[in-house]
1. A254: farther than 30 Å from E198 by Cβ and not charged (D, E, K, R), yes or no?
2. Has the range 226-241 got at least one residue that is polar (S, T, N, Q), surrounded by fewer than 24 Cβ atoms within 10 Å (Cβ to Cβ), within 20 Å of H280 (Cα to Cα) and touching a residue at least 24 places away in the same chain (Cβ under 8 Å)?
3. Can you tell me which condition F100 does not meet? The list is (1) over 23 Å from the mean Cα position of the chain (by Cα); (2) under 30 Å from H169 (Cα atoms); (3) surrounded by fewer than 21 Cβ atoms within 10 Å (Cβ to Cβ), and all the others hold.
4. Can you name every residue in the range 72-122 that is among the charged types (D, E, K, R) and free of Cβ contacts under 8 Å to residues at least 40 places away in the same chain?
5. Which residues, taken from the range 180-199, are without any contact (Cβ under 8 Å) to a residue 24 or more places away in the chain and either buried (at least 24 other Cβ atoms within 10 Å of the Cβ) or not charged (D, E, K, R) (or both)?
6. Given the structure, is S306 in a helix (DSSP H, G or I) and either under 27 Å from P213 (Cβ atoms) or of a type in the set (A, V, I, L, M) (or both)?
7. Can you confirm whether the range 125-148 contains a residue that is of a type outside the set (V, I, T), surrounded by 16 or more Cβ atoms within 10 Å (Cβ to Cβ), under 23 Å from V48 (Cβ atoms) and free of Cβ contacts under 8 Å to residues at least 12 places away in the same chain?
8. Among the residues of the range 243-262, what is the count of those that are crowded, with 17+ Cβ neighbours inside 10 Å and either within 17 Å of Y289 (Cα to Cα) or not β-branched (V, I, T) (or both)?
Amino acid sequence: MTAPACRIATQSHARHHARWFCLFWFILASFASSAQKVSVLDEARSLVRDGKPREAEAAVRRYLSEGTDGEEARSLLGLILYQEDKPADSLAEFTRAARFATPTSSKLIVVALDYVLLKDLPKADKWMTAAVEKQPENAAAWRYIGGIKYSENRFSEAIESYKKSLALHPGDVLVQDGIGRALEGLSRDDDAISAYKEALQWQSGSPQKHPEPMLHLGALLLRKGEVPSALSLLLSAEQLSPNDAAIREQLGNAWMQSGNLAKAQKEVETALTLSPRNSHLHWLLASIYRKEGLTEQANRELKQYSALLGAHSSDKLQ
């Protein structure tokens with residue numbers, strides 16, 4: 001499993017990497033004080049490790065129903081609920097756990113990531129900062145802070161956090177990619193290109209490569225009109241992560257700019273199967289259809305685009 005990443009909001013693999021990091025402190029740590037606790041809670045940890053969070057949740061709830069309460073069980077349940085995309089329930093369990101003991105840095109990281117899922121970035125920032133204050137040598141926490149700052153458009157602060165993470169864990173490709181993203185946010189495109197290229201160099205000899213620097217450098221070069229170079233990078237990213245809608249979208253853009261509308265259409269249609277509620281993809285596909293003379297299909301996609309924009313506006317008003 002690769003090192004954890006904090007690619008909040010626009011960065012597509014955040015949840016996957018973050019969750020596997022969060023598993024680490026529960027899977028390896030044993031807080032057992034009785035044979036029963038070892039048996040039940042270790043069983044739950046084993047289920048989490050095996051990718052069975054529902055069974056793990058049932059085991060912990062069964063343990064709690066028998067009248068044995070405490071920080072360890074509540075925190076473990078909080079982690080499991082985070083794994084199951086239940087951030088509000090997860091937070092409730094961590095709150096209950098805090099009645100028994102002050103939360104550790106690693107547990108505060110999960111609390112912060114719960115707030116990321118709830119799209120409450122100020123609270124995510126608050127608790128991730130608290131985590132790093134408890135454990136300033138935690139490279140992953142600094143990376144997560146960088147991702148949160150990036151999502152808050154606080155790009156200079158994001159770079160500072162990413163650099164602190166790199167100082168603790170040199171050669172982290174995804175942290176270097178985050179620096180590139182933040183430099184783009186500051187409109188320092190040449191520096192961003194250098195950062196992405198350095199990230200690619202770091203992973204050049206690794207058997208496990210990350211698609212993110214390929215995607216982001218490719219998208220940046222595409223905006224600068226360097227279509228052949230962008231296409232090469234994006235096709236490499238697609239090979240690594242064929243089910244990433246963002247990569248497919250950028251490939252659609254690249255093929256459209258190169259004049260290959262059939263390939264552009266195929267990529268964006270695939271992206272929409274992966275992310276059907278992405279309004280921009282409907283707009284992009286409508287543009288491609290229009291260039292191909294497919295007026296009816298273009299109008300259908302524009303209707304979808306408008307409907308999704310309206311739905312997003314309604315969500316904001318509620």
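1. So A254 does not fit the description; no.
2. Within the range 226-241, none of the residues are polar (S, T, N, Q), surrounded by fewer than 24 Cβ atoms within 10 Å (Cβ to Cβ), within 20 Å of H280 (Cα to Cα) and touching a residue at least 24 places away in the same chain (Cβ under 8 Å).
3. Of the numbered conditions (1) over 23 Å from the mean Cα position of the chain (by Cα); (2) under 30 Å from H169 (Cα atoms); (3) surrounded by fewer than 21 Cβ atoms within 10 Å (Cβ to Cβ), the odd one out for F100 is (2).
4. R74, E84, D85, K86, D89, E93, R96, R99, D114, K119, D120
5. Scanning the range 180-199 gives S187, S194, A195.
6. Considered against the rule, which asks whether it is in a helix (DSSP H, G or I) and either under 27 Å from P213 (Cβ atoms) or of a type in the set (A, V, I, L, M) (or both), S306 comes out as no.
7. Within the range 125-148 (the criterion being of a type outside the set (V, I, T), surrounded by 16 or more Cβ atoms within 10 Å (Cβ to Cβ), under 23 Å from V48 (Cβ atoms) and free of Cβ contacts under 8 Å to residues at least 12 places away in the same chain), the answer is no, since none of the residues qualifies.
8. First, the residues of the range 243-262 that are crowded, with 17+ Cβ neighbours inside 10 Å: 244-256, 261.
Still in the list and also either within 17 Å of Y289 (Cα to Cα) or not β-branched (V, I, T) (or both): 244-246, 248-256, 261.
Qualifying residue count, the range 243-262: 13.
Throughout, read-outs are computed from the coordinates displayed, never taken from laboratory work. These numbers come from a predicted model, not from an experiment. Reconstructed Cβ throughout: ideal geometry from the backbone, glycine too, with neighbour counts over all protein chains shown.
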